[in-house]
Amino acid sequence: MNIELFLGRFHPLVVHLPIGFLLMAVIMELISKVFKNKFADLDSTISIIIFCGGIGAVLSAILGYLLSIGGSYDNDLLFWHQWLGIGIGILSFFTWGIKKNYLRLFKGASSLALLLLAVLVLVTGHFGGNLTHGTGYLFEYAPNFVKKIAGIKLEEGLKSTIPRNLDSLIVFEHLVQPIIKSKCSRCHNQMKKNGGLLLTSKEGFEEGGNGGPILVPGKAQESELFLRNTLPQSSRKFMPPTGDPLTYNEIKIVEWWIKSGASFESSITQYEVPNEIETLLLKQFDINLKLNAYYETIQVSPLSDSIKNQMRSVGLLVKPLASGNNFLHVKPLTNNVSESQIQLLLKAKEQITWLDLSNKNINDKMLETIGQLNNLTSLKLNNNPITDLGIAFLKNLNHLEILNLYGSSVTEKSIVSLKHLKGLKRLYIWQTEISNEGIQKLNKELPNLDVFDGI
């Protein structure tokens, strides 16, 4: 039997008694000074209340020390809470002595001591709250305007912090950790590590607590992190012991993460996502795992009307890709495109994402300019006199998804350049000089690429 811990658990119960006594003494002292004629005889009552507060403060300090023996608390915060609590006990009896005239000091000394007691009680109580509930407990549910006044940075909603680019969506950082932070970090933070467990950092998850590891990668049913949150709420081992438990959807996300290997660095594109989890992510977090085109994942500023008109005046068809989307689809209306028309495209390099140059007598030199249109996702170069030299200028088009080289003079030498196009999904090479062996080499470099060779 741990008698120290048993007695220490009474600290939260007893500690409110001296707080009440001492604050009541301060209030009564204030009343006796403001309304002297009506409440001039309160001194004896105030003395008794201060004495009771002192006894309560000493008892609370003793029980608090016993409680600290069995808890994993932040040492610095515990130090100040403990010694300020002891200081309250000492100052209470000192103030009582002044009030009873056992200690004769300057006039108003007892009032000044009571004021200091009030400040100490508030500060010590706040430190105690930090130890118990975490450092942000006081303003956690405060209205936003109160947080602004207090200088607290407003937290963004979970949805708004999730990257739109799936490659940047780290499952632990953006899905799992926010769940654990909202439900578990109150008892498992830097200030208070119940069971020796820290759940506010990746290192804490990896180290586990006094009972050992909390994660068994690939085995949710053997992982304490999952088990403790799925026990019957009547169980003394159920977590969290207070506050809102994890919802069904939150439990399913944690379970899926652990079953998938409990990686701390992997993006969601590296996971196998079951249908149930895919539906959950879409409904709760607006995460659509259906791979979208690049132009659907980012936003660009609109192209000015003056540049659009300039492009149209030289025979370039300029159309918006979709309503509410600033990306553009551009196609020359003339059969023989000039160098000046191609150069004009650079003024819309951020907005052009579809470019149709089919049968426009495009040459290799023009491809050097086209290779600078960094937001291209679809490029049609079919039936043009282009060669491997021109294709080399396209290797930095990182977002290119569709490339049509049908009816051109490119050969297998272009594979060296094409393999740099990591976003490429469809490649049309019918009636080119690229052989079946070349296609196999390309598929080895870009396994997700669909090659259409007319066969």
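Loop-located trypsin sites (Lys or Arg not before Pro) in the range 32-69 (DSSP state not H, G, I, E or B) with no more than 12 neighbouring Cβ atoms inside 10 Å: K36, K38. Ordered by the number of other Cβ atoms lying within 10 Å of each residue's own Cβ, fewest first, K219, K100 fall into the sequence K219, K100. Taking the centroid of alpha carbons for each part, the range 320-399 and the range 79-128 are 79 Å apart.
Around the amide H of L328, modelled in the peptide plane, lie the amide H atoms of L321, I352, T353, W354, all under 5 Å away and 5 or more residues distant in sequence or on another chain.
Which pairs in the list K283/K441; K365/K441; K319/K365; K202/K237; K331/K422; K331/K419 are over 31 Å apart, alpha-carbon to alpha-carbon?
Over 31 Å apart, Cα to Cα: K283/K441.
Rank these for me by crowding, F264, F226, F79, F145, going from fewest to most other beta carbons within 10 Å.
F145, F79, F264, F226
The separation of the range 191-231 from the range 428-455, counted between C-alpha centres, amounts to 49 Å. From least to most packed, judged by other beta carbons within 10 angstrom and beginning with the fewest, Y271, Y102 follow the order Y102, Y271.
Take the Cβ-Cβ distance between S301 and N396 as r, set R0 to 25 Å, and report the resulting FRET efficiency rounded to the nearest 0.05. Computed FRET efficiency for S301 and N396 comes out at 0.70. Amide H contacts for K100 (H built 1.01 Å from N in the peptide plane; partners 5 or more residues away or on another chain; cut-off under 5 Å): none found.
Split the chain at each of the GluC sites (Glu not before Pro) in a DSSP loop with at most 10 other beta carbon atoms within 10 Å, and the longest piece is 273-455. Note on the chain: helix-only mean residue ellipticity at 222 nm, from DSSP H runs of 4+ residues weighted -39500 (n - 2.57) and normalised by residue number, equals -13000 deg cm²/dmol. Along the axis of the charge dipole computed for the range 3-149 (Cβ charges of +1 for Lys and Arg, -1 for Asp and Glu, origin at the Cα centre), the listed residues I3, V15, F106 are led at the positive end by F106.
Pick the calculated volume of the Cα convex hull per residue in Å³ for this structure from (i) 345; (ii) 151; (iii) 231? Correct label, based on the coordinates given: (iii).
Each value in this text was obtained by applying a stated rule to the coordinates, not by laboratory testing. Computed from a predicted structure; not experimentally measured. All Cβ positions, glycine included, derive from the backbone under ideal geometry; neighbour counts span all protein chains shown.
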